[in-house]
């Protein structure tokens, strides 16, 4: 008598599992603040402590205003359409590098003035990624998902892993997002923007610290902004991949496979 193999439980096909594995690697990987700190040869905590008190106190509001202004500017420019004659990715890279140089050349003041511009360019890139994955950018819920990428990509290395994981953050933003959707983003509830800004503010604080010295800032502004662009593009690719797989195969099988892949990485 030969053993009969047990049937394999229904799940994601191999191609979808490969896509999801790449998304897990990004969404549960190292944080942007750690990468930025390594670029300037410091630690995240040291960079945070180097911010002047008035800048620290005003940064959350500056980030929230930057996100609000970026949403209006980025979506009005139709991220799903070509950016002039250049490929979108290269156009965004060139513009955000120039923005970083201009902002960094003037220290903290320049960086804060430049923040809404670079944030709008980041959001435009995120919107372009969303459109590539079949999302409708005219839908307020999708616009909110684009904003959510800033929170998903702004993990603080000091956060508890169970609370800062991808699905944990999605749940944390769900209530505020549900309240905002359908009211239009001119009526966006402060709670949702504040929740996103609180996460996005962590890498922004490291960015501001790295660009505080005008001479250093001018040299590193482009590199820091390009690191932001590459990081948030990767997070957007991962986030909208998960959403596309959920639409195709259902939320439960995707969540089950995601959790298994995440646990295997942490083991």
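Where a number appears in this text, it was derived from the coordinates with a stated rule and is not lab data. Computed from a prediction, not measured in an experiment: that's the story for all the values here. Ideal geometry is used to build each Cβ from the backbone, glycine not excepted, and the neighbour counts take in all protein chains shown.
What the table shows:
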read-out	value
Theoretical FRET efficiency, 1/(1+(r/R0)^6), r = Cβ-Cβ of residue 61 and residue 138, R0 30 Å, to 0.05	0.55
Fully extended contour minus Cα-Cα distance, from residue 246 to residue 45, at 0.36 nm per residue	68.7 nm
Simple spin-label estimate for residue 198 and residue 230 in nanometres, 7 Å along Cα-Cβ	3.1 nm
Alpha-carbon centroids, segment 239-267 and segment 123-157: separation in whole Å	18 Å
Ordering of 142-149, 54-61 by packing [mean C-beta count within 10 Å, highest first]	142-149, 54-61
